[in-house]
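The values are calculated or read from the model by the stated rules, or taken from the named source; none is laboratory data. Please read all numbers here as calculations on a predicted model, not as lab measurements. Cβ atoms come from the backbone with ideal geometry, glycine included; neighbour counts cover every protein chain shown.
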Amino acid sequence: MRTAVAAFDVGGTNSRLRGGRAGEPEYTELKVRTADHPSLGALLTSCLDEAGLRPETVVLAVAGRVPAHGDVRMTNLPHWPVFESAAFAAEHGIRLSVVNDMTATAHGMADLGPDEVRPLTHHDAAVRADELLAVSVGSGVGSALLDGHGVVRTSESGHVAWQPVDAFEAGYLAFLRSGSGGAGGVEGIEGVVTVEESIGGLRGFDRMYDYVCHAAPPAPELHDRVTEARRTGSAVAPLITAAALAGDPRAREVVRLFAALFGQYLRGVVLVCLPAGGVVTLTSGVLQAPGVAEFLCGETEFLDRFISPGACHHDLLAEVPVRLALDPLVGVRGAYRLATRDALGEGQRAG
């Protein structure tokens with residue numbers, strides 16, 4: 001049995017599949033660990049087989065730059081071979097569109113209803129809602145702008161340089177450059193130190209944890225959990241945020257460092273993408289965990305760094321609504337929306 005559409009959201013840590021028939025409400029979903037597969041092509045084939053799907057139209061959203069020819073390399077899986085999209089489509093007899101994962105995320109956010117977002121500021125989210133800046137903090141960091149015409153403009157904003165603003169952050173930068181023999185086994189960074197390398201979930205939280213614990217050791221319980229997560233290849237960010245909410249001082253310091261750097265990054269992206277104002281919607285497994293958003297807004301410098309009172313254009317930033325998407329599947333949701341649109345459009349052309 002052939003299903004009409006399938007959509008993939010392939011991230012550095014987890015990948016998701018959603019498949020069904022265009023225009024029908026039912027669909028099949030699957031989640032897998034990305035690193036359990038030797039290549040992007042193998043991941044797609046394995047997931048389709050496991051889900052029992054034989055789609056005609058597929059949209060593939062990937063965490064990596066998508067050149068015009070559609071052949072992609074995953075940013076955080078450099079050992080994977082280049083995925084040749086045209087060859088894969090021909091081999092499997094499908095219509096395949098490859099997009100950046102932030103393109104899919106922005107389209108998924110456009111579908112969110114009022115009860116599917118949580119305001120992080122006190123502003124009316126309807127102000128210039130035609131301009132939507134989607135920002136994701138997961139394994140990596142990225143953003144995309146959805147304009148009033150429904151056109152998405154992606155970026156590689158997570159790979160811009162990060163600059164410290166105080167002595168503690170300057171120490172973190174020096175730590176990143178040196179490597180300092182942290183427990184995470186992270187080598188020193190040469191050249192530009194990016195936002196993603198500093199705070200992204202794939203390596204950033206390991207680095208922030210090692211830096212904070214370099215000066216003062218963590219509690220044994222947290223240390224044991226982080227050590228076990230590293231041994232098994234699991235993410236440490238959920239452990240650190242949970243410990244922070246439970247009152248662990250080292251974990252709280254890590255989350256405060258993350259929040260300050262994230263707010264600083266978000267300020268820069270908004271000044272570039274929303275000079276006339278708009279709405280910012282965040283998606284992040286870290287921020288969506290219960291209690292983390294409250295901690296971020298109430299006990300860290302996140303909003304102060306974002307607005308930067310007294311700095312140029314702080315009045316603009318103070319008026320930009322920032323909200324959190326509550327749907328953790330907003331990426332694959334957007335990819336499925338695109339796949340359905342492509343399938344229905346193809347059917348109309350065929351008719």
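A residue that is polar (S, T, N, Q), assigned to a loop (DSSP other than H, G, I, E, B) and modelled with pLDDT under 95 cannot be found anywhere in the range 141-154. Scanning the range 218-265 for residues that are outside any helix (DSSP H, G or I) and in contact (Cβ under 8 Å) with a residue 12 or more places away in the chain yields P218, A219, G233, A235, V236, D248. Looking at the range 273-351, the helices (runs of 4 or more DSSP H) lying wholly inside it that each contain 2 or more residues that are under 19 Å from the mean Cα position of the chain (by Cα) sit at 285-288, 292-299, 302-307, 330-350.
Screening M109 on (1) surrounded by 14 or more Cβ atoms within 10 Å (Cβ to Cβ); (2) in the same structural domain as Y265 (by TED's automatic domain parsing); (3) not acidic (D, E) shows it passes everything except condition (2).
Candidates are the residues of the range 54-95 that are of a type in the set (V, I, T) and within 21 Å of R16 (Cβ to Cβ); the one that is farthest from the chain's Cα centre (by Cα) is I94. Could you go through the range 291-310 and let me know if any residue there is more than 18 Å from R118 (Cβ to Cβ), touching a Pro at 6+ places or on another chain (Cβ under 6 Å) and surrounded by 17 or more Cβ atoms within 10 Å (Cβ to Cβ). Checked against the condition, which is being more than 18 Å from R118 (Cβ to Cβ), touching a Pro at 6+ places or on another chain (Cβ under 6 Å) and surrounded by 17 or more Cβ atoms within 10 Å (Cβ to Cβ), the range 291-310 yields no hits at all.
Only residues that are more than 27 Å from H122 (Cβ to Cβ) and of a type in the set (G, A, S) were counted across the range 248-286, and they come to 1. The residues of the range 190-206 that are of a type outside the set (S, T, Y), touching a Leu at 6+ places or on another chain (Cβ under 6 Å) and surrounded by 24 or more Cβ atoms within 10 Å (Cβ to Cβ) amount to a single one, I199. Only one entry of G150, G191, G204 meets the criterion of being closer than 29 Å to R33 by Cα and not charged (D, E, K, R), and that entry is G204. Right, A215: at pLDDT 95 or above, over 24 Å from the mean Cα position of the chain (by Cα) and farther than 23 Å from G11 by Cα or not? Judged against the criteria, A215 is not a match. Restricting to the range 181-195, count the residues that are more than 22 Å from the chain's Cα centre (by Cα) and either modelled with pLDDT under 60 or more than 11 Å from R207 (Cβ to Cβ) (or both). The qualifying residues number 6. The single residue among L48, L60 that is crowded, with 18+ Cβ neighbours inside 10 Å, of a type in the set (A, V, I, L, M, F, W, C) and in contact (Cβ under 8 Å) with a residue 60 or more places away in the chain turns out to be L60.
Evaluate the range 100-113: report whether one residue or more is hydrophobic (A, V, I, L, M, F, W, C) and in a strand (DSSP E or B). Among the residues of the range 100-113, not one is hydrophobic (A, V, I, L, M, F, W, C) and in a strand (DSSP E or B), which makes the answer no. Condition (residue is in contact with a Phe, Trp or Tyr (Cβ under 7 Å, 6 or more places away or on another chain) and in contact (Cβ under 8 Å) with a residue 40 or more places away in the chain) applied to the range 275-287: is it met by at least one residue? There is no residue in the range 275-287 that is in contact with a Phe, Trp or Tyr (Cβ under 7 Å, 6 or more places away or on another chain) and in contact (Cβ under 8 Å) with a residue 40 or more places away in the chain.
State whether one or more residues within the range 247-261 are outside the structural domain of G19 (by TED's automatic domain parsing), closer than 17 Å to S136 by Cβ and among the aliphatic types (A, V, I, L, M). Looking for residues that are outside the structural domain of G19 (by TED's automatic domain parsing), closer than 17 Å to S136 by Cβ and among the aliphatic types (A, V, I, L, M), one finds at least one in the range 247-261, hence yes.
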